[in-house]
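Novice: Pasting a structure here, questions to come.
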Amino acid sequence: MAQTGCDGVLIARGSIRTAGLIFDPAWQGDDEAVCAAAERLQRRYADLSRQFGGPRSKLAEYHRESFRRIRARGERRSKRQRWRRLTAWLRKECVVKAGDDLDDAHMVLEESRILEHFSPDLRIHYCSLDPPADETHEGVAGAVEFLPRLARALHQNSRSQEEKYAASRMAESPEEVHIPLEEAELDARQVFVGLSNAWTVTSLFGLDGRIARLSILCATCEPTITTGNAAEGTHGAVMG
């Protein structure tokens, strides 16, 4: 105020979304920094509030909800980034190991890399209407069998989107990734993904940040490719 000669300053409600970081000269305007600083900013708010006699109950509830939403935004961003890392790895494996023929049999995924993204007790459910299929794959062995198929679908989706949106930013983000809204009281720990080739993928994350459940629904899919134990019915069951 001394520099500008203003008589007063109005702080709008939108500043609450930044939890006060808007007043930090070093802040670059990115929401990621706000989410990362949520705990520190909330402690600072509590300390200042006590110094001035404590907030009114209505304001206290308002700020609690604001900080909860900030953390929820951080969790949504984290899940989105985890999905991006997983799909980038799978697409790379598809190109390097399977090549242009996209043959699942040529893709042998390393167990250590699978466990970076998935829980050891992973369960994968795949359901297709055309051709009819209903499969369940469990654990690392089930992931080894099924993930090449998901990698192939991701790679095909990426190529089709790149061709369609070659001049737009969508070429860098080929999947439609949806996260539960921050208004939800509980962290649902789920990610919904829509692919252009009619796959809908739902991921449920465990407390350790890895995917514990993976569900794939497909109205019209390419014929399933079964390998190893899946063909023998140990991990997968195909109907039709």
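Novice: Which residues, counting only those in region 109-123, are in contact with a Lys or Arg (Cβ under 9 Å, 6 or more places away or on another chain), closer than 18 Å to residue 208 by Cα and surrounded by 15 or more Cβ atoms within 10 Å (Cβ to Cβ)?
Specialist: Within region 109-123, 117, 118, 119, 122, 123 qualify.
Novice: Still on this structure: Give the residue, chosen from 95, 108, that is over 20 Å from residue 221 (Cα atoms), among the β-branched types (Val, Ile, Thr), at pLDDT below 90 and assigned to a loop (DSSP other than H, G, I, E, B).
Specialist: After ruling out the rest, the residue left standing is 108.
Novice: Still on this structure, I have one more. I'm checking my understanding of the structure. Among residues of region 20-35 that are hydrophobic (A, V, I, L, M, F, W, C) and either touching a Cys at 6+ places or on another chain (Cβ under 6 Å) or surrounded by fewer than 14 Cβ atoms within 10 Å (Cβ to Cβ) (or both), which one is modelled with the lowest pLDDT?
Specialist: Once the filter is applied, the top-ranked residue is 23.
Novice: To continue, here is another question. Test of understanding: among 113, 123, 71, which residue is part of a helix (DSSP H, G or I) and modelled with pLDDT of 90 or more?
Specialist: Among 113, 123, 71, only 113 is part of a helix (DSSP H, G or I) and modelled with pLDDT of 90 or more.
Novice: Take region 42-59 and flag every residue that is modelled with pLDDT of 85 or more and closer than 16 Å to residue 13 by Cβ.
Specialist: Scanning region 42-59 gives a single hit, 45.
Novice: Next question. Residue 8 passes all but one of (1) under 22 Å from residue 71 (Cβ atoms); (2) loosely packed, with under 10 Cβ neighbours inside 10 Å; which number fails?
Specialist: (1)
The values are calculated or read from the model by the stated rules, or taken from the named source; none is laboratory data. Quick caveat, the model's predicted, so the values are computed rather than measured. A quick note on method: Cβ atoms are made from the backbone with ideal geometry, for glycine too, and the neighbour counts reach across all protein chains shown.
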